[in-house]
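One structure is given below, encoded as structure tokens.
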Amino acid sequence: MRLILVIALSLLALPSWANQLKSVRVWPSPDNTRVVLDMSSAPNYNYFTLTGPDRLVIDLKGASNVTNLARIENKSELVRKIRESSPLEKGGLRLVLDLSSTIKPVVFPLAPAGPYGHRLVIDLPYEEKASAAVQATPVGGKGKGVVIAIDPGHGGEDPGSIGPRRTYEKRVTLAVSQKLAALIDREPGMRAVLTRRGDYFVDLNKRSEIARKAKADLLVSVHADSFHNSTPRGASVWVLSTNRANREMGSWLEKQEKQGELLGGVGKVLAESDPNPYLAQTFLDLSMDKSRAEGYDVSRQILRSLGRVARLHKKAPEHASLAVLKAPDIPSVLVETGFISNHAEEQLLATASYQDQLARAIFEGIRNYYRAHPTKGAMLTGKGQGSNKQAAVSRPAPASKPVAVSKPAAQPVQQVVTNRMPATEPNRSSDGGAPVSSVGGSSSGAGVIKPYVVAAKEPSAPVASVQSNDKANMLRHVVTRGQSLSRLAEKYGVSQARLVELNKLKSRDIQIGQVLYIPQK
């Protein structure tokens, strides 16, 4: 009884400001400055702004300061100084942020997560200042080539996963993304746009918005996986699930002002005509199906390239409801570079040379896809080639018809064929192969499209084609949502070139409801 009384009296003797301000972190970014107050418990707060000069005042009830505000690392142009002032009431803490301009702050608490405890977050958006990531992006248009938006996962106060040796995912993703961007920018006909260029957080909605404003053809989000134990390992590639895609499409349809962004000229026509949600949904449905199919095909190429330098966790693209992949109008993929929770892979992911290999593997997967599926008149050519040797890939090469040869001709005919990546490649071992060269290696000839020569024999007499084009003996397939030509070719065991030739397709894009004839095995 006496012990209980002593404990009760000691609790009464505790000061009312039991909550403590342990540290202050300032994260400047192109769009805003985020100030994070690390607290020992959930904050009880009020705030208001003042002008002449501009200030933000934050009152923390029942709190004290145990950090040195003068030693805060602050590189923000918006926050000039963070200081204490006389509290409104006894037992409280008043902080004043001296600002360089008038702002409308967004203040909210965060519960403990990862390495962080209770926090009070203050977002200070820049007024009338566009994102540096978007400003640095040349305006897309005719001849813009292939634009790849690269999204380094996490950033700022969001570290992502943390490995056993304290390797932060946010640092790995930024390093790999910057190396990938450098490779893309060095490739003629391609250009990279980064959603972040430093250690700061970018809102998930903002990431796809940056890609959209840059008129990106593809969004690649770079991450590192983790698990509650250290056993799993291997890289993987994810694409948007059908359920998430449908939810996002419904959300966009509810926002009339967003339809123009998604549908381009069609959206403008719909906006200027009588409201017709069914017509809008039809166009958006077609756009989303095309984007998801492209994303899936790109992910397969990236997986093939990754399999030459890294162990694969899964050898086929995986589907998930991931927020960063939610842009229904932009083909998007998420690359998990490996498990940072695995001791061996954490050590690799923190190594610059391995980051180089990952970046080049992702780059080659992307480049291989766009060589096989040229977009918007892009010219993907190798460096160091004269203008007369550049290989244009602005449209698919016509499929060659198989010819049966009865007798070799006396003189072979030299047929020059562009070294264009085939639409489908033979499966390769995911764990074998030579390492991909590091960033900057140009002596290997990587990125060079070279013509090669094939000796073709002329038949002495006309011979019938060895493959029949009689559609009566073929399968009739009606295209449904989420299908692409590459998927159908893989499903039925036939080449894409054969399907293009047989169905007289002008491109490799197919539409819902389209009828395709497929030769039986």
Cβ density ranking, 10 Å radius, fewest first, applied to Leu348, Leu88 yields Leu88, Leu348
Along the range 89-100, Karplus-curve 3J(HN,Hα) (6.51, -1.76, 1.60; θ = phi - 60°) to the nearest Hz, with x for Gly and Pro, reads 9, 5, x, x, 10, 10, 10, 10, 9, 7, 10, 8
Between Gln514 and Ala316, the FRET efficiency computed from the C-beta separation at R0 = 22 Å comes out, to the nearest 0.05, as 0.30
hull vol. (C-alpha, convex hull) per residue for the range 17-125, Å³ -> 99
Scoring the range 17-125 by relative contact order with C-alpha pairs under 8 Å, at least six apart, yields a percentage of 32
Plugging the Cβ-Cβ distance of Ala352 and Glu490 into 1/(1 + (r/R0)^6) at R0 = 35 Å yields, to the nearest 0.05, a FRET efficiency of 0.45
Within the range 148-228, the percent of DSSP beta bridges that are antiparallel, given to the nearest 5, stands at 20
Expected unfolding gain across Glu73-Asn46 under the 0.36 nm per residue rule, minus the alpha-carbon gap, is 7.3 nm
Residues other than Asn68 with Cβ under 12 Å of its Cβ, Lys/Arg counted +1 and Asp/Glu -1, net out at +1
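FYI, it's all coordinate maths here, none of it is from the lab. The structure displayed is predicted, hence computed values, not measured ones. All Cβ positions, glycine included, derive from the backbone under ideal geometry; neighbour counts span all protein chains shown.
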